[in-house]
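The values are calculated or read from the model by the stated rules, or taken from the named source; none is laboratory data. Just so we're clear, the structure is a prediction, and the values are computed from it rather than from any experiment. As a convention, Cβ positions derive from the backbone with ideal geometry for all residues, glycine included, and neighbour counts pool all protein chains shown. Note: accessible area is taken over every heavy atom of the protein model, side chains too, but ligands, DNA and RNA are not part of it. Shrake-Rupley method; radii C 1.70, N 1.55, O 1.52, S 1.80 Å.
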Amino acid sequence: ARADALPRDLAGLRVVVSAGGTREPLDPVRYLGNRSSGKQGYALARVAAQRGAEVTLVAAHTVALPDPPGVTLRRVSTAEELRGAVHESAENADVVVMAAAVADFRPANRADYKIKKSDDQPDPTVVLERNADILAELVANRRPGQTVVGFAAETGDHHGSVLDHARAKLKRKGCDLLVVNAVGEGRAFEVEDNAGWLLAADGAESPIPLGSKSQLAATVWDAVAHFIQRSGS
Ligand code: CTP
Ligand code: CA
């Protein structure tokens, strides 16, 4: 869609979007990372700006992507850096969308020098410690009227369907909206031609049709705008 063809329905809203995958260093040259491309978060930021929002994009590691026009970009690497930048930006934001793939754990020790292998020493073991749950912190520190949106990638398994897991995660996380991507082999059986679900804290549930990341971004912003209207803020 042409930018000038989009509604400016997010004008006046200050939004923060996190994107990409964090990297947790083991030593100066190595890290634990994940395969997040960052494309969904970038699409959310780009579409929000096109629809008139004032957007800060907190970007961890991504594939090569163009900077979204009209967006304030803050680059970070580790989960701790992302945490700091998101909380700082969230202080005066109306909406925070956590699309980043945040590492759940980091190496408990970061070596100051490159780790070397040695024939007289046992091979090293990586000990992990828990990173802070940024989404849970956002929910706990939410300012009045602030909307907090989480993302989750779920598969169905013997404990339940994609939707079962998603409902439980929405409750656990306490966010206002949860965007659920159905991933993995169970998807075709579970959700037919849906790419996932949009769950709201008030119990509203809508399927997200398969489509591009820009289309998903538009669906998410429609839901956010609807949620803000309903809650009268
Ligand atoms: N998230 C976060 N901080 C973390 C981990 C995750 O803010 N340390 C956010 C993600 O950005 C996402 C949401 O929480 O918006 C859900 O992430 P997910 O990995 O699905 O949830 P977890 O609670 O980490 O559960 P799981 O054990 O299934 O990974
Ligand atoms: Ca996780």
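Just to check your reading of the model, which residue among 65, 57 is closer than 18 Å to residue 10 by Cβ, away from ligand 2 (no atom under 16 Å from the Cβ) and either over 15 Å from the mean Cα position of the chain (by Cα) or part of a strand (DSSP E or B) (or both)?
Numbers: 65 fails: closer than 18 Å to residue 10 by Cβ.
One residue alone meets the criteria, 57.
Can you name the residue in segment 107-126 that is within 18 Å of residue 33 (Cβ to Cβ) and in a loop (DSSP other than H, G, I, E, B) and is also most open to solvent (accessible area, probe 1.4 Å) among such residues? Working first, answer last.
Of segment 107-126, the ones within 18 Å of residue 33 (Cβ to Cβ) are 107-111, 114-115, 126.
When the remaining residues are screened for being in a loop (DSSP other than H, G, I, E, B), the result is 108-111, 114-115, 126.
Numbers: 108: 35, 109: 121, 110: 153, 111: 33, 114: 103, 115: 66, 126: 81 Å².
Ranking the qualifying residues of segment 107-126, first place goes to 110.
Listed residues 30, 35, 46; which is farther than 18 Å from residue 212 by Cβ, among the basic types (Lys, Arg) and at pLDDT 95 or above? Don't jump to the end; show me each part of the working.
Numbers: 35 fails: at pLDDT 95 or above; 46 fails: farther than 18 Å from residue 212 by Cβ.
None of the other options fit; the residue is 30.
If you scan segment 84-105, which residues turn out to be farther than 11 Å from residue 58 by Cα, of a type outside the set (Asp, Glu) and within 11 Å of ligand 1 (Cβ to nearest atom)?
Kept after step one, since they are farther than 11 Å from residue 58 by Cα, are these residues of segment 84-105: 91-95, 101-105.
In the following step, the residues that additionally are of a type outside the set (Asp, Glu) were identified as 92-93, 95, 101-103, 105.
Answer for segment 84-105, where residues must be farther than 11 Å from residue 58 by Cα, of a type outside the set (Asp, Glu) and within 11 Å of ligand 1 (Cβ to nearest atom): 101, 102, 103, 105.
For residue 36, all conditions in the list (1) part of a loop (DSSP other than H, G, I, E, B); (2) hydroxyl-bearing (Ser, Thr, Tyr); (3) more than 14 Å from ligand 1 (Cβ to nearest atom) hold save one; what is the number of the exception?
Residue 36 satisfies all of (1) part of a loop (DSSP other than H, G, I, E, B); (2) hydroxyl-bearing (Ser, Thr, Tyr); (3) more than 14 Å from ligand 1 (Cβ to nearest atom) except (3).
Give all pairs with beta carbons closer than 7 Å in which a residue from segment 14-35 that is without any contact (Cβ under 8 Å) to a residue 12 or more places away in the chain meets a residue that is open to solvent by 60 Å² or more (accessible area, probe 1.4 Å) and part of a loop (DSSP other than H, G, I, E, B); count only pairs at least 6 apart in sequence or on separate chains.
Matching pairs, first to second residue: 31/23.
Among the residues of segment 127-141, which ones are over 17 Å from the mean Cα position of the chain (by Cα) and surrounded by 13 or more Cβ atoms within 10 Å (Cβ to Cβ)?
Selection gives 128 alone.
I want to confirm something. Restricting to segment 75-91 and keeping residues that are under 19 Å from residue 27 (Cα atoms) and more than 16 Å from ligand 2 (Cβ to nearest atom), which single residue is surrounded by the most Cβ atoms within 10 Å (Cβ to Cβ)?
Checked segment 75-91; the qualifying residue surrounded by the most Cβ atoms within 10 Å (Cβ to Cβ) is 76.
Taking the stated definitions as given, is residue 130 farther than 23 Å from residue 179 by Cβ and within 12 Å of ligand 1 (Cβ to nearest atom)? Lay out the reasoning, then the answer.
Details: farther than 23 Å from residue 179 by Cβ: yes; within 12 Å of ligand 1 (Cβ to nearest atom): yes.
When the stated conditions are applied, residue 130 passes them.
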